[in-house]
Structures are given as structure tokens and as C-alpha cells.
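Colleague: The structure under discussion is supplied below as C-alpha cells; questions concerning it will follow.
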Amino acid sequence: MANSDVSLLAKLENIKEIRGKSIQLEKVKLKLKQEFDITENEEKCLQEYKVEMELLLQEKMAHVEELRLIHADINTMETTIKQAEEERNRSLENAKKLYEEYRPLKDEVDGMRATIGLEKLAELTEEEEKLTPEYFDKQKSEWQSEAAEPSIPESLAVAAAAAQQLQVPRPAKTERQAFRQQPPPMKACLSCHQQIHRNAPICPLCKAKSRSRNPKKPKRKLDE
């Protein structure tokens, strides 16, 4: 009888140990499945984030290209303005010389007309009010002060110059299309319902993940 009791007690101990190990095994298995689900879920999220990052980079490069084109247009316009200023100043100098030639010649003609009883010719100011001796000196002074002012704001010039330095591939010999600024594509956050950037992985307002296809992470709380 003593041997059978010992054998029974040994079996009970084995059953108790097996039950404890089984409970421990089930807990480990549950944790393993949870970590596996989290791993798979985060892998899907990671792939989405990479796609969104690629889209953001493409959008960034599109804006860089737009800035480069704007900078090229600014350079062209500055050259055009400079050429127009040179042409205007050249015309002003020619007009001044012609005015200096016109004045004594008109006085001579008026004197000759007076000898035969004719009236003087009309003054230039009657035809063009601004055409006076002071006009030439005044215009030259004003234009020189304008030339000392920057043609574009410094902040825009810096941004355009930075964009110009970036290497952006572009097709050869293509015509520049007119650029019209448009607001960035937006979407509504599913948590706070505010408008955020279409490709933003996280809402900058409520910090919620901006995605709807994936479930939330399972809780880690387990009964130890």
C-alpha cells in the first residue's frame, strides 16, 4: 500500500507540474502571438510610411523645381529690366541733347518770324507739359535712386538661390509652363477631423496616426 501511495503522490505532483508548465506555456504563446501581430502590423505601417515619404519627397522636389524655374524667370526679368533701363537712359540722353539743340534753334526761328510780323511758335510745354529743362535732371536723379534699391525681397532671393543650387533632373529643351500656386492636397484627420496634409502619417494637431486601414495595437496587459 505504501508503494502505491507514493506512486499516486508522484503522479499528482507530475500533473501539478504539467498544469503549471501548461499555464506558463499558454501565457508565452499568447505573448508570442501578440508580438507577432504587432510585428506584422508595424511592418504594414512601415511600408505605408515609406510610400508616403516617397510621395512627400516627390512633392518636395516638384516645389524645388518650381522655385528653380521662378529663379530662372527672375534672372531673365532682371536682365530684361537692365536692358530696358539702359535703353531708357540712352533715350533720355538723346532727348536731352535734342532739347539743347531745339532751344536755340527755336529762339532763332521765333526771331526770324518776328521780323516779318509772325507770332512765336508754341512752346513744347504746351504740347508736352513735362518737357522742361528740369525734367531731364529730375528723371536721371530719380532713376539712379531706384537702381540702388533691390529688385526682389532678400528672403525670396535666398530661397530661389538655394533651389537653384539643388540638382534637379529636367528634360532638355522643354518649354516652361506657366506655374500657378495651388494649396497642398489635404485630408481630414479621423480623430480630430481637422484638415491635415494628405501624406502626413501622424496628425500634427492631435498626434493620432493618420491611417484607417490598420487596427490599433492590441493591449499588452496580461494576468501574470
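Colleague: How large is the charge dipole for the stretch 1-76, taken about the Cα centre, if only the Cβ atoms of Lys, Arg (+1) and Asp, Glu (-1) carry charge, to the nearest 20 debye? It would help to have the intermediate numbers written out before the result.
Modeller: Numbers: 12 positive and 16 negative charges, 166 e Å.
In total the dipole reaches around 800 debye.
Colleague: For C206 and E87 in the same chain, what is the full-extension length gain: residue separation times 0.36 nm, less their Cα-Cα distance, in nm? Please list the in-between numbers first.
Modeller: Numbers: separation 119, 0.36 × 119 = 42.84 nm, distance 5.91 nm.
Full extension of this stretch gives 36.9 nm more.
Colleague: So if each residue of separation counts as 0.36 nm, and I subtract the Cα-Cα distance between E142 and I70, what length gain in nm does that give?
Modeller: Extra length from E142 to I70 when fully extended: 23.0 nm.
All of the numbers you see were taken from the coordinates with simple rules; none came from a lab. Since the structure is predicted, the reported quantities are computational estimates derived from the model, not experimental observations. In this analysis, Cβ positions are derived from the backbone assuming ideal geometry, glycine residues included, and neighbour counts consider all displayed protein chains.
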